[in-house]
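Novice: Here it is, the structure, as structure tokens.
The values are calculated or read from the model by the stated rules, or taken from the named source; none is laboratory data. Keep in mind that this is a model prediction, so the values were computed, not measured. Here Cβ is always computed from backbone atoms with ideal geometry, including for glycine, and neighbour counts include all displayed protein chains. For the accessible areas, the whole protein counts, side chains as well, though only heavy atoms, and no ligand, DNA or RNA atoms are used. Shrake-Rupley method; radii C 1.70, N 1.55, O 1.52, S 1.80 Å.
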Amino acid sequence: MSKAKSVPPPGFTLNINDPQIQEAAIRIQASYRGHRSRKELREKGPPRILQDLRDVVLLEGSAAKLECRASAFPDPFIVWSKNGQPLKDGPKHRYVFEDPDVVALVVRDGLLDDLGRYTVTIKNPFGETSGSACILVKAPAKVSKGPGNVKAKRGATVVLKAEISGEPPPDVAWLKDGDDIEEDDRVFYDIEDTNTILTIKNARGSDAGRYEVFVENNLGTDQSFARVDLL
């Protein structure tokens, strides 16, 4: 009993005499021969950076990508680091390989802590090379923790403290009942990298009221309020 020959479904047959099929086959063969010859021509040796890393700006909450072009044969092992500390490939820092010679690092969910110098190290059995660039983080001015309300006795020293952030570092002002505070030896404020402190010495009845800390840079503004009551 003879078996019936199965018929290929429509569109699954090739006519090798078709000129278009023959032309496509020639192109595929030529492409393969070119790829093989290029691979065979590559010289074994230490990696070389063909295009350096460049500094990039990372906006808070967004992502940034550092990338460079490198040549290496055999294929290299790649490590990214920040300020000398290796970075693991993961959700926050993603190792990316694009085209035959592009290596990149994507930094996601940008924070001020991502500010720093990043280095890519490329190595194979014949040696290694490296390149560095900076991620410059930009973030709007923010009062991350405002001053608390204060109740104090007359004659006491009152201290109001606020935690602040922003890049570029924000300008800071303190106000009382909507007016700028004019500093003197008794009432003054200090500004540090991450906080600002308002000091009121020998508190008087006129010092009671609503105080405001205001921060501003070219990306935004923020403020917070506190109440001072004197007994």
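Novice: Enter the Cα centre distance for the pair the range 214-231 and the range 133-159, rounded to the nearest angstrom.
Specialist: 8
Novice: Calculate the dipole size of the range 187-231 relative to its Cα centre from +1 charges on Lys and Arg beta carbons and -1 charges on Asp and Glu beta carbons; express the result in debye to the nearest 20. The partial results should precede the final answer.
Specialist: Working: 4 positive and 8 negative charges, 67 e Å.
Here the range 187-231 has a charge dipole of around 320 debye.
Novice: In the structure shown, do any of LYS88/LYS145; LYS82/LYS161; LYS82/LYS138 have a Cα-Cα gap over 24 Å, and if so which? Before the final figure, lay out the partial values.
Specialist: Details: LYS88/LYS145 32 Å; LYS82/LYS161 32 Å; LYS82/LYS138 18 Å.
As for pairs spanning more than 24 Å Cα to Cα, those are LYS88/LYS145; LYS82/LYS161.
Novice: Treating only the Cβ atoms of Lys and Arg (+1) and Asp and Glu (-1) as charged, compute the dipole magnitude of the range 149-205 about its Cα centre; round to the nearest 20 debye.
Specialist: Values: 8 positive and 13 negative charges, 147 e Å.
Here the range 149-205 has a charge dipole of around 700 debye.
Novice: Roughly how many debye, to the nearest 20, is the charge dipole of the range 72-231 about its Cα centre, given +1 on each Lys and Arg Cβ, -1 on each Asp and Glu Cβ, and no other charges? Each step should come with its number before you reach the end.
Specialist: Details: 20 positive and 27 negative charges, 155 e Å.
Charge dipole of the range 72-231: 740 debye, to the nearest 20.
Novice: Still on this structure, I have one more. When ligands, DNA and RNA are left out and all protein chains stay put, how many square angstrom of accessible area per residue does the range 94-153 have with a 1.4 Å probe? Could the numbers behind the result be given before it?
Specialist: Values: 3210 Å² over 60 residues.
In whole numbers, the range 94-153 has 54 Å² accessible per residue.
Novice: Less than 9 Å Cβ to Cβ from ARG108, Lys/Arg counted +1 and Asp/Glu -1: what total charge do the surrounding residues give? Before the final figure, lay out each step's value.
Specialist: Working: positive: LYS92, ARG94; negative: ASP109.
Charge balance near ARG108 sits at +1.
Novice: Relative contact order (percent) for the range 73-231, with alpha-carbon contacts under 8 angstrom and 6 or more residues of separation? Working shown, then result.
Specialist: Working: 346 pairs, mean separation 33.6, N = 159.
Relative contact order of the range 73-231: 21 percent.
Novice: Please identify every one of the chymotrypsin sites (Phe, Trp or Tyr not before Pro) in the range 87-130 that sits in a loop by DSSP and has no more than 15 other beta carbons within 10 Å of its own beta carbon.
Specialist: Working: sites: TYR95, PHE97, TYR118, PHE126; in loops: PHE126.
In loop regions of the range 87-130 (DSSP not H, G, I, E or B), the sparsely surrounded chymotrypsin sites (Phe, Trp or Tyr not before Pro) are PHE126.
Novice: Going from most exposed to least, what order do GLU182, GLU60, GLU128 have by accessible area with a 1.4 Å probe? The partial results should precede the final answer.
Specialist: On the way: GLU182 155, GLU60 85, GLU128 115 Å².
Descending accessible area places them as GLU182, GLU128, GLU60.
Novice: Rounded to the nearest percent, how much of the accessible area of the range 168-231 (1.4 Å probe, protein heavy atoms only) is carbon and sulfur?
Specialist: Whole-percent figure for carbon plus sulfur exposure: 41.
Novice: Would you list which aspartates and glutamates come within 15 Å of LYS92, measuring only between C-alpha atoms, while excluding same-chain residues fewer than 8 positions from it?
Specialist: By straight Cα distance, LYS92 reaches GLU60, ASP109, ASP113, ASP114.
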